[in-house]
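A short worksheet on the structure shown next.
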Amino acid sequence: MLFLSGMLIATAFEYLAGWFLETFFHMKLWDYSHEFGNIKGRIAPKISLFWGFGILILVNFIHPHVMDLLLRIDEKWSLLVVLVMGADCVWTVTDTAKFHQAALAFEKQIHREQEKFQASLHQQFDDLNQQAELLNQHFEELKDNLLDFVKERKIKPFKFNQRRLLKNYSKFRAADAPLVTGMHKQIALIKGKITKKD
């Protein structure tokens with residue numbers, strides 16, 4: 001019963017968390033689409049079995065020690081733990097919302113720069129060598145323009161929690177910011193290649 005109930009509750013929570021992120025932040029942090037029997041890539045039977053076994057280990061081996069520790073400490077410390085966890089939850093949701101806004105702003109700016117460049121490229125040059133040379137120049141200009149854009153909008157660099165989100169979720173995808181998602185994938189590929197060489 002513990003295995004089944006733990007598996008069902010954890011799976012339901014994972015599905016709701018995936019739905020919440022996709023609906024409100026247009027983000028996908030995990031994707032089980034390649035797993036057998038998955039539902040919308042949010043949950044899958046194999047992962048549900050993992051949750052079931054995880055609950056057994058947690059309740060039978062870890063939970064008794066945690067309860068023993070909690071019974072020994074003062075009630076004030078328990079309240080402090082609840083407050084810290086609540087603050088962390090609020091911080092994470094706020095941080096995720098800010099991350100989403102920044103990703104959308106970057107996406108729009110990249111599109112604007114892309115459109116400007118394509119228009120100027122076709123108007124000015126027919127020769128492929130000249131286009132290639134202009135392309136290199138444009139990448140430098142794009143980098144400078146994005147830095148200026150970040151300063152103007154006062155968009156802060158990714159904070160610890162946002163960097164952790166990108167680092168820990170290799171399947172990260174922002175549905176309404178495909179260029180940002182593509183950049184994240186390319187960076188992950190490059191990092192993977194560097195790690196393999198080392």
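Read-outs: derived from the displayed coordinates by stated rules, not from any lab. Keep in mind that this is a model prediction, so the values were computed, not measured. Here the Cβ is made from the backbone with ideal geometry for all residues, glycine too, and neighbour counts use every protein chain on show.
Available extension along the chain between Arg112 and Thr94 is 3.7 nm, counting 0.36 nm per residue and deducting the alpha carbon span. Does segment 16-57 classify as rounded, prolate or oblate by the C-alpha gyration tensor (a ≥ b ≥ c root eigenvalues; a/c under 1.5 gives rounded; else a/b over b/c gives prolate, otherwise oblate)? Since a/c reaches 1.5 but b/c is at least a/b, the shape of segment 16-57 is classed as oblate. For Met27, nonlocal amide neighbours, meaning residues 5 or more places apart or on other chains whose placed amide H falls under 5 Å from its own, are Glu22, Ala175.
Modelled this way, with points 7 Å down the Cα-to-C-beta line, the labels at Ala17 and Gln101 are 2.5 nm from one another. In a fully extended conformation the segment linking Leu8 and Ser33 would gain 7.1 nm over its present Cα-Cα distance, using 0.36 nm per residue. Scalar couplings 3J(HN,Hα) for segment 58-70, obtained by applying the Karplus form with A = 6.51, B = -1.76, C = 1.60 to θ = phi - 60°, are 4, 6, 7, 10, 9, 4, x, 5, 5, 5, 4, 5, 5 Hz; x denotes Gly and Pro.
Subtracting the Cα-Cα distance of Phe24 and Phe61 from their residue separation scaled by 0.36 nm leaves 9.7 nm.
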